[in-house]
1. Could you order peptides 193-199, 157-163 by the average number of other Cβ atoms within 10 Å of their residues, highest first?
2. Starting from 0.36 nm per residue, how many nanometres of slack lie between residue 10 and residue 170 once their C-alpha separation is accounted for?
C-alpha cells in the first residue's frame, strides 16, 4: 500500500486528506442522525399522550424548557412551541417553523463538504492521470518507446491516482445520498410531531386547564 501511495505521486496527498475528512464526517453524521437522538422515544411518547388527552400542562418552567431544547432537535422545536404557548396559533406555528429551519440546518451540517469531496476526488484522480500521461509522452519524446520502466512509471501514476480518487468518491457519494435522504425522513417525522403539538397547544388555549 505504501509503495502504491508513493507511486501515485504528490496528488495522493490531497486524495488521502479528502478520504480522512470524508470518513470523519460519515462517522460523525452516523452518530448525530440516530433516530433515538433526533426524536427521543420518551419525548414522542409524551407528545402523543398530550394529544390523546387534548391538554398540555402550563406548569412549565424556563429551566425545563432550556433542558428540553438541549436534549434533542425535536426537543428544540417543542421548546420553541411551548415558550410561545400563550400566543395565538399563528405565532406558535411561526416559532416552530423558525426553530425547525435552524434544526434542519444543523442536521445537514457537513453534508455539503461530503458532497464536495465526492465531486472533487475523481477530478484529482483525473488530474493525476493527465500528469501521468504527460510523463509518458515526455519519456517517449526523449527516450522513444524502448525504455519500458520509465513508461510504466507514468502509466502507474495515472492509474493509481484515478483508482484512489474513485475509491474515495464512490463511498462519499453513497453516504451523501444516504444522509440527505435520512435528513428528509427525520424532517418529515419532526414536522408531523410539531404539527400535532401546535394543535394540542391551540386546543389547550381554547380549553384552558382548571
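None of the figures in this text is laboratory data; all of them are computed from the coordinates on show. All of these numbers come straight from a predicted model, not from anything done at the bench. Glycine gets a Cβ as well: all are built from the backbone with ideal geometry, and neighbour counts include every protein chain shown.
1. Most protected by this proxy first, the peptides run 157-163, 193-199.
2. Length gained between residue 10 and residue 170: 55.5 nm.
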